[in-house]
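Q: I'd like to ask you about the structure that follows.
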Amino acid sequence: MNTNASLRELATRAGVHFGAAAVPGLLTRAPRYAALLASNCTVLVAENHMKMKYLQPHYGIFNFSAADTLLHFAEQHGQRMRGHTLIWHCMPPSWLETTSWSRAELLDILHSHITTVMHHYKGRVYAWDVVNEAISDDGSLRTSLCTMSSARSILISPSNAPTPRIRMRSCSTTITPPRASIQNPMPSTILSAA
């Protein structure tokens, strides 16, 4: 066995993907960082720059530049890109939190955001974490704005979906008792959207 093989080579031989969360700004400022990502990863995930706070910093105004930088890097190095994340209860843009929105307005905002982002990356991002950490530690759905309770009403039509790999991502799945939603299938509205 070649002990000088990169993690990328070892993962490829094993038939698995190996990836990392990456920061676009470091790709040019830290050449060693960029070289390690290029040589060791088969998949890249934006650490934060595909989240709503960064992609839509002002209401209705999108800025894809940082996320596009990361995607271009992945494409130049034969890596797949995973989108993270369309809906999350943390790190919303300030404009979203400083205005009182009706439920209908919030659903329109989320639908518009998801549709715009997925169209922008259609065919270039192989999978999306659509809803991130929608389940609280006690197993209930979070009640904050960007959660499953709002996401249930958002339908992503097949024409908007870049790929069939659309996921709900959660953490703390090892707590006792396990989160009920982890044991049960995702709500049919999300699955039918995929």
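Q: Among TYR54, TYR59, which is the only one that is exposed (fewer than 15 other Cβ atoms within 10 Å of the Cβ) and aromatic (Phe, Trp, Tyr)?
A: TYR59
Q: Another one. Any idea which of ARG13, ARG29 is open to solvent by 40 Å² or more (accessible area, probe 1.4 Å), at pLDDT below 95 and of a type in the set (Lys, Arg)?
A: Every option except ARG13 fails the conditions.
Q: So, in region 72-94, of the ones that are open to solvent by less than 10 Å² (accessible area, probe 1.4 Å) and at pLDDT 90 or above, which residue ends up farthest from VAL131 (Cα to Cα)?
A: Step by step, filter region 72-94, then rank; the result is ALA74.
Q: Give the residue, chosen from ALA134, ALA66, ALA104, ALA127, that is hydrophobic (A, V, I, L, M, F, W, C) and surrounded by 21 or more Cβ atoms within 10 Å (Cβ to Cβ).
A: ALA134 is the lone residue from the list that is hydrophobic (A, V, I, L, M, F, W, C) and surrounded by 21 or more Cβ atoms within 10 Å (Cβ to Cβ).
The values are calculated or read from the model by the stated rules, or taken from the named source; none is laboratory data. Remember, it's a predicted structure, so these values are computed and weren't measured experimentally. So basically every Cβ, Gly included, is an ideal-geometry build from the backbone, and we count neighbours across all protein chains shown. We work out accessible area using only protein heavy atoms, side chains counted, and drop any ligands, DNA or RNA first. Shrake-Rupley method; radii C 1.70, N 1.55, O 1.52, S 1.80 Å.
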